[in-house]
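What follows is a set of notes on a single structure, which appears directly below.
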Amino acid sequence: MNIPQDLKYTKTHEWIKVEGNKAKVGITDFAQHEITDVVHVELPENGKNVKKAAPAAVIESVKSAFDIYSPMSGKIVEINENLMSAPELINQSPYENGWLFAVEFTDNSELADLLSAEDYHKSI
């Protein structure tokens, strides 16, 4: 199972890549295996404010629909438009091409609640 060391993780299987006060968000390799074949994605609108641990997106697979939670509070500043026509990118490349959205956050203290790669691996 692929768990990149340079990312942070949530207990609900989202990953976060922090760059300054902006963070890209996606789901982990473990999560995409559990969800199975992704067939549709509902992403948040640019400019939308999101709260930490609140639903921000929905991934639909052949199994069911799954809420995706924002790991940080802030404003959506970018979405992965490629997923609209190719949701399977989440299965094929969860950490590179299958990212979901980017959030601009203001409260760095929320980072303290995220898991390291090692802690995430232990949790699954």
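Numerical summary
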{"read-out": "Solvent-accessible area, 1.4 Å probe, carbon plus sulfur percent, for the range 42-90", "value": "47"}
{"read-out": "Förster radius 35 Å - calculated FRET efficiency between THR36 and SER73, Cβ distance, rounded to 0.05", "value": "0.70"}
{"read-out": "Probe 1.4 Å, protein heavy atoms only - accessible area per residue of the chain in square angstrom", "value": "52"}
{"read-out": "Theoretical gain in end-to-end length, LYS63 to ASN2 [0.36 nm per residue, Cα-Cα removed]", "value": "19.7 nm"}
{"read-out": "Area of ASP37 that stays accessible when all protein chains are in place (1.4 Å probe, Å², to 10)", "value": "90"}
{"read-out": "For the range 14-116: span of alpha carbons on each principal axis (Å, largest first)", "value": "36, 28, 22"}
{"read-out": "Euclidean distance between Cα centres, the range 29-56 to the range 83-115, Å", "value": "8"}
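The values are calculated or read from the model by the stated rules, or taken from the named source; none is laboratory data. In this text, all values refer to a predicted model and were calculated from it rather than measured experimentally. Counting neighbours? That spans all protein chains shown, and the Cβs are built from the backbone with ideal geometry, glycine included. We work out accessible area using only protein heavy atoms, side chains counted, and drop any ligands, DNA or RNA first. Shrake-Rupley method; radii C 1.70, N 1.55, O 1.52, S 1.80 Å.
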